[in-house]
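Since the structure comes first, as structure tokens, the remarks are kept for the end.
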Amino acid sequence: DAKTTQPNSMESNEEEPVHLPCNHSTISGTDYIHWYRQLPSQGPEYVIHGLTSNVNNRMASLAIAEDRKSSTLILHRATLRDAAVYYCILSNSGYALNFGKGTSLLVTP
Amino acid sequence: SAVISQKPSRDICQRGTSLTIQCQVDSQVTMMFWYRQQPGQSLTLIATANQGSEATYESGFVIDKFPISRPNLTFSTLTVSNMSPEDSSIYLCSVGGVLGQGADTQYFGPGTRLTVL
């Protein structure tokens, strides 16, 4: 499985934008870039995914580098509820997810 | 989306005993998976539950220790057998391929918190 590299932790102020980076230099042509997050004491939840083009949804935006070797999850206005561990995962459609350590996001008031 | 329930939500068990965890989905799904999350760690895939056939186990996990059933498209069980304190973890069910949706998104249950004494 292609691996991803994320910072262990990041901190943001409430109502500020947050840019969570992910490096995946060994990504294959068929790998989708998925982002999930896990709030304290809950199962992971889907955030967003993409293949080549940037993606937006109600939760976040995903910016994918032109060479696909890195991507950035963008939370436009962080809230206290966004404090979670964010996982960047490469996966083909229909396959199980291979979770790394993720980035622990701390949001301060 | 899909709503997933797991039973029990938590349990405390004695070593040497077994516990069966149930996973129920409110929609038919093509894929069901079982993960383990040890304290302070990330999620590790245990196996893919296959409907009507034996589960597919990841390296380090065996059927005798973690037997899995999947009798239909909405239900699966995971049994943790002959438990030891090292099995204390959160066990999570996830599903993908919700009928009528693509296979790209997976949904996770709330988890079962197991403590083995």
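Only one residue of A:V55, A:S91, A:H19 has its Cα farthest out toward the positive end of the dipole of chain A, where Lys and Arg carry +1 and Asp and Glu -1 on Cβ, and that residue is A:S91. Would you give the gap between the C-alpha center of the stretch B:51-90 and the C-alpha center of the stretch B:1-37, rounded to a whole Å? The stretch B:51-90 and the stretch B:1-37 have Cα centres spaced 10 Å from each other.
Residues A:S61, A:S25, ordered by accessible area of protein heavy atoms at a 1.4 angstrom probe radius and largest first, appear as A:S25, A:S61. Just the Cα atoms of chain A, one point each, no solvent: what log10 I(q)/I(0) does Debye give at q = 0.16, 0.18 Å⁻¹? Each listed q maps to, in turn, -0.65, -0.83. For a modelled paramagnetic label at B:Q101, 7 Å from Cα along Cα-to-Cβ, the residues of the stretch B:39-58 in reach, with backbone nitrogen under 20 Å, are B:48-51. Scanning residues 5 or more positions from A:E14 or on other chains, those with amide H under 5 Å from its amide H are A:T108, with H placed 1.01 Å from N in the peptide plane. With a simple spin-label model that places each label point 7 Å from the Cα along the Cα-to-Cβ direction, the separation between B:Q38 and B:V3 comes to 3.5 nm. The Cα-based radius of gyration and maximum Cα-Cα distance (Dmax) for the protein assembly as shown are 17.8, 54 Å. The mean number of Cβ atoms from other chains found within 10 Å of a Cβ in peptide B:28-35 is 2, as a whole number. Bridgeable lysines around B:K7 (alpha carbons under 24 Å apart, same-chain partners fewer than 8 residues away excluded): B:K65. About the centre of its Cα atoms, the protein assembly as shown shows a dipole size close to 320 debye [charges on the beta carbon of Lys, Arg (+1) and Asp, Glu (-1) only; nearest 20 debye].
Considering Cα pairs under 8 angstrom that are at least six residues apart, work out the relative contact order of chain A and quote it in whole percent. Intermediate results must be reported in sequence, preceding the final value.
Working: 264 pairs, mean separation 40.1, N = 109.
Relative contact order comes out at 37 percent.
Measuring with a 1.4 angstrom probe and ignoring ligands and nucleic acids, A:S53 comes out at about 70 Å² accessible. A 1.4 Å probe, protein heavy atoms only, puts the accessible area of A:H19 near 100 Å².
Counting every pair of alpha carbons in the stretch B:56-117, the share spaced more than 14 Å apart comes to 67 percent. The accessible-area ordering, largest first, of the residues A:V85, B:V25 stands as A:V85, B:V25, per a 1.4 angstrom probe. Remark: accessible surface ordering of A:H24, A:H49 (largest first) is A:H49, A:H24, probe radius 1.4 Å. Within the shell of other residues whose beta carbon sits under 15 angstrom from the beta carbon of A:I74, the net charge comes to 0, with Lys and Arg scored +1 and Asp and Glu -1.
For the pair B:Q28 and A:H19, label points projected 7 Å from Cα toward Cβ lie 4.6 nm apart.
In terms of its C-alpha gyration tensor, the stretch A:26-65 has an oblate overall shape, because the principal axis ratio a/c (a ≥ b ≥ c, square roots of the eigenvalues) is not below 1.5 and a/b does not outweigh b/c.
The values are calculated or read from the model by the stated rules, or taken from the named source; none is laboratory data. All values derive from a computational prediction rather than experimental measurement. Methodologically, a virtual Cβ is constructed for each residue, glycine included, from the backbone with ideal geometry; neighbour enumeration extends over all protein chains shown. Please note that ligands, DNA and RNA were not included when accessible areas were found on the heavy atoms of the full protein model with its side chains. Shrake-Rupley method; radii C 1.70, N 1.55, O 1.52, S 1.80 Å.
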